[in-house]
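K.L.:
This is the structure I want to talk about, given as structure tokens.
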Amino acid sequence: MMHEIDVTTDSNDWTADGLKVIKLKFISDQSEINSDGPLYPIEYAYQQFGDGEAICGYRDLSIVLCFTEATMFPHIILNHRGTCTNGDVPVDDVPALLNEHLVYDQRECLTNRNLFEAELESQASFQPPGTEVSTFMRHSDPDKGYALFRIEGELSEKAKCLVERCQSILFFFIEGVKYTDSDDPKFIYYILYETYHKPGTTGRQYRIMAYLSLYKYYSHPDKWRLRGAHTFVFPQFRSGGVCSKLLHAVNLDVKNIANIYDVTLETPAPELVLARDYATTLEVISMPEFAKAKIMEPVTKEKKELLRTTWKMYNKQAVRVIDILQYAVARSQSKEAVDNFKTKLATRIRKPFERQDKDYRRMLQGLDPSDMATVTSNNADGLDADVVEKLVGYAIEDYTKTLARLNQHSREFQNWLA
């Protein structure tokens with residue numbers, strides 16, 4: 001039972017670290033609300049509780065945010081041993097602060113147990129909005145499966161609220177995240193579900209595994225370039241390569257959309273870069289034009305265009321994947337082959353910064369005189385050799401991680417490299 005204690009003590013006794021006391025829980029029925037099920041820590045709380053991510057006014061505070069696993073309705077379980085009543089430390093209204101970043105249809109059940117239980121019960125008849133698309137994904141459990149739904153265009157109210165409820169979780173895991181404009185028809189949303197059968201219910205049951213959104217941000221004469229807005233795997237599914245599987249499933253769908261030119265990611269997190277590398281490498285080796293016997297050949301415009309038209313692959317990612325495969329072959333050959341590969345990589349990294357390069361000249365044309373003087377003085381002879389070496393090292397580190405995963409988990413890659 002929660003109660004108030006009137007004491008005078010150090011304010012630190014009444015201040016809790018939001019990252020330590022807030023845990024998330026994803027549940028399917030009422031019996032799990034107070035059960036000992038898995039709890040997942042969060043990574044950010046500054047948008048709700050300020051830059052210090054501190055929650056004030058409670059002693060021995062713990063917060064569990066339960067979410068309906070198919071529909072993402074929340075309910076708070078807040079426990080503590082008392083609140084500060086002497087006025088020294090203000091008592092944060094935790095539900096109110098959380099509500100500021102929740103969707104309108106989430107707010108009531110955050111503190112209303114009856115409403116939350118009703119949402120739990122309604123999960124049994126939940127049907128995902130959107131169009132189900134093929135994933136070709138197989139679950140390790142024969143009683144479970146996967147379902148991927150695409151939501152796009154003018155969203156229904158049901159679809160709009162579901163998308164926004166998925167995004168509400170992102171505030172705890174992605175720095176600087178914002179809600180997308182769900183009224184903007186240029187967004188394409190994908191939600192990946194795990195499916196299962198539950199005794200006493202009919203049809204498939206769903207639990208959300210991952211969410212991804214893309215935006216049609218640039219138009220070629222008759223095609224759109226897609227840019228990734230959000231990519232998120234829910235914490236209870238962060239194993240088994242779910243992110244790579246999601247990216248590949250989305251690529252399989254996007255490649256068949258005629259008015260999409262290619263797909264890019266804007267400043268992706270390192271984990272997302274590696275997941276994309278894994279997925280796109282397997283896509284490339286599925287094509288005979290990129291067989292092991294041909295992979296060391298020069299990367300031509302024709303090859304990059306082939307990957308764009310086949311997989312809607314952005315040029316820079318196409319080059320990166322071919323790099324990964326060339327590095328894999330070089331490692332299997334000799335130290336000299338590896339050294340030659342690194343030299344080629346260094347040359348390509350250095351090239352845009354050389355004075356004679358047209359991209360470098362174009363960059364200078366956009367600078368004012370003072371900025372131009374700074375750039376030209378700092379890059380008089382191109383990038384410093386130490387900088388180039390570091391950049392090569394970073395790339396090799398990423399390529400090595402991707403190859404290790406491929407060697408461990410992909411029979412297709414093992415056969416390609418053999």
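K.L.:
Quick check: residue separation of Ser122 and Ile257 times 0.36 nm, minus the Cα distance between them. What number comes out in nm? If you can, show how the numbers build up before the last one.
P.N.:
Numbers: separation 135, 0.36 × 135 = 48.60 nm, distance 3.41 nm.
My answer for the length gained is 45.2 nm.
K.L.:
What distance in nm separates the simple spin-label points at Ser286 and Lys401, each placed 7 Å from Cα in the Cβ direction?
P.N.:
Taking the simple label geometry, Ser286 and Lys401 are separated by 2.4 nm.
K.L.:
For the pair Thr85 and Tyr179, how long in nm is the line joining their label points, each one 7 Å along Cα→Cβ?
P.N.:
Result: 3.7 nm between the two label points.
K.L.:
Using helices alone, I'd like the mean residue ellipticity at 222 nm for the chain: each DSSP H run of four-plus residues gives -39500 (n - 2.57), total over residue count, nearest 500. Could you put the intermediate results ahead of the total?
P.N.:
Numbers: 15 runs with 168 residues, N = 418.
Roughly -12000 deg cm²/dmol at 222 nm, from the helical runs in the chain.
K.L.:
How far apart, in nm, are two points set 7 Å out from the Cα along the Cα-to-Cβ line at Leu115 and at Thr300?
P.N.:
My value for the distance between the label points is 6.3 nm.
K.L.:
Helix 315-333 versus the longest principal axis of the chain: what angle, 0 to 90°, nearest 10, using Cα atoms?
P.N.:
70
K.L.:
For the chain, what proportion of DSSP beta bridges, expressed in % and rounded to the nearest 5, is antiparallel? Numbers along the way, then the final one.
P.N.:
Details: 42 of 56 bridges.
Around 75 percent of the beta bridges assigned by DSSP in the chain are antiparallel ones.
K.L.:
Turning to a different aspect of this structure: Rounded to the nearest 0.05, what FRET efficiency is calculated for Ser156 and Tyr394 with R0 set to 45 Å and r the Cβ-Cβ distance?
P.N.:
Details: r = 44 Å, r/R0 = 0.99.
Calculated value: 0.50.
K.L.:
I would also like to ask the following. Given Cα pairs under 8 Å that are at least 6 residues apart, what percent is the relative contact order of the chain? Write out the running numbers ahead of the final one.
P.N.:
Numbers: 619 pairs, mean separation 40.6, N = 418.
Dividing the mean separation by the residue count of the chain yields 10 percent.
K.L.:
Which entry in [x] 24.7, 99; [y] 25.5, 77; [z] 34.2, 120 is this structure's computed Rg and Dmax of the Cα atoms in Å?
P.N.:
[y]
K.L.:
As an exercise, use a Förster radius of 45 Å and the Cβ-Cβ distance of Glu354 and Asp143 to find the FRET efficiency, rounded to the nearest 0.05. Each step should come with its number before you reach the end.
P.N.:
Values: r = 59 Å, r/R0 = 1.31.
My answer for the efficiency is 0.15.
K.L.:
Please work out how much length the chain gains when fully extended from Glu266 to Asn12, using 0.36 nm per residue of separation minus the C-alpha to C-alpha distance, in nm with one decimal. Don't jump to the answer; show the numbers that get you there.
P.N.:
On the way: separation 254, 0.36 × 254 = 91.44 nm, distance 4.00 nm.
Result: 87.4 nm gained on full extension.
K.L.:
By how many nm would the segment from Phe136 to Arg238 grow when fully extended, if each residue of separation counts as 0.36 nm and the alpha-carbon distance is taken off? Before the final figure, lay out each step's value.
P.N.:
Details: separation 102, 0.36 × 102 = 36.72 nm, distance 1.95 nm.
Residue separation times 0.36 nm, minus the Cα-Cα distance, leaves 34.8 nm.
K.L.:
Using the number of other C-beta atoms within 10 angstrom as an exposure proxy, rank Lys23, Lys390 with the fewest first. Numbers along the way, then the final one.
P.N.:
Details: Lys23 16, Lys390 13.
So the residues, fewest neighbours to most, are Lys390, Lys23.
Here, each number is a calculation from the coordinates, and none is a lab measurement. Note that the structure is a prediction, hence the values are computed from the model and not measured. Virtual Cβ from ideal backbone geometry, glycine too; neighbours counted across all protein chains shown.
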